[in-house]
Every structure is written in structure tokens, then in C-alpha cells.
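See structure below.
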């Protein structure tokens, strides 16, 4: 059995010391992946993969017909260099690593941590603001820069509340001013705000809240 840790979004946060704890135990996994294009200022697509035993991966994916032999095998079948055709299904791959290398060189650890901190701070503000509005509820505690919230039920056993939240999400997305997604938590339709855009600043999150308030008023008046 192969145990994989999917840290596609939140793995980038581990560049900040205060978030290291979220990866405790990951060293026991067979592989860990994170996508710098989600939250680390890197263009799509770019995925980082760590494997505990590279041989276990390459033995499953490698192919070595005569016409693919190269100096990396030394004619012995034992590689003396990394041949990435053996790390994936396809034989060819784009030079995705150069994008991440440029970002690391340009921003450094300090700059990337500041980027993550700005978004987490904005999400904390949004969570507090939503919780303070009696029309809304925060469904689960915020994690990193992700806030899950929704319009509250107007009365016990309000069967229409999920439809109201669907309408609210559709109204926000159709405005073209913001885009959010949804999920279902304990049977409840939930709206998700993720602060993660490369150009997103606090003022944009404030604008989204003002947009939500206006659209909520429209939905609740219907």
C-alpha cells in the first residue's frame, strides 16, 4: 500500500515556521505533494513531489527499450543520472521547475512568507467580520486563508436555507467581481472564500464582503 499526503493547497503555508506542525507525520508517508501554482506565486502548472523511496516509484514507471537507452544508464541498466521519463507515465515533460526557481530567486523565503501572512491576515479579518453579522455563520473554523461560511437559517428547520446560499453564491459569481466555490459540510451547502491570488490585497477582501452584503440583501428580500 502506498500512503500519499496531498498538500496541494496548504503545503505552501509550511514555508512559514508557525505552520510547520501541520506536516508532522508526513515523513512517515511514501510521498508528499504540493502545488506552488495554488499559493506560492507560480504560474500553472507546477507540482512538487517528494518520495521516500524513488526506486519504488521508478521501478513501477520506468521503461527501458533499446532506443531509449542513454548515457544515464551506462549500458548497465543501473542509472547513474536521474532520467525523469522514469518518474511519470509520459516520456516527455516541460521544464516546470524553472518557474518555481525564478519565484524562489525573486522573492526568497522572507518574501514568500510575507505573501502567505498577508493572505492569512485577510482571511482572519473576513472570518471575524462574517461571524459578527447575525445573518451569516462561520460553519467550520478557518484554516490558513480558507473561510467556510453561509447565510444562517431564518428559523428552525428552514429547508430553503441551502437554496438561499446557492442563490447567493450564484449572484456573487455572476457579478464578475469575485469568484467563490462551495462545499457540503454535514449536509449543509457552504460557501468557501479562499484568499490566494497573487495580486489579492486586503482591500479586495473588504470589497468582497461589501459585495456579499449587497447580494445577501437581494436574496433575502425575495
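Quick notes on this one:
- Relative contact order for the chain: 14 percent, from Cα pairs under 8 Å spaced at least 6 residues apart, divided by residue count.
- Inter-site label distance for residue 209 and residue 45 at 7 Å from Cα along Cβ, in nm: 3.6 nm
- Rounded tilt (10° steps) of 202-221 against the dominant C-alpha axis of the chain: 50 degrees
- Gap separating the Cα centres of region 177-222 and region 80-149, nearest whole Å: 19 Å
- Expected 222 nm ellipticity per residue - DSSP helices of 4 or more, -39500 (n - 2.57), all of the chain, to 500: -12500 deg cm²/dmol
- Per residue, the average separation of C-alpha pairs within less than 8 Å and at least 6 apart gives region 109-221 a relative contact order of 27 percent.
- Efficiency of FRET between residue 201 and residue 24 - r from beta-carbon atoms, R0 45 angstrom, step 0.05: 0.90
- Take 20-31, 130-141 and order them by the average number of nearby Cβ atoms within 10 Å per residue, most first; the result is 130-141, 20-31.
- Potential lengthening between residue 68 and residue 117 on full extension [0.36 nm per residue; Cα-Cα distance subtracted]: 13.0 nm
Values in this text are rule-based calculations from the coordinates and carry no lab data. Not measured: the values here are computed from a predicted model. No Cβ is skipped: glycine too gets one built from the backbone with ideal geometry, and neighbour counts run over all protein chains shown.
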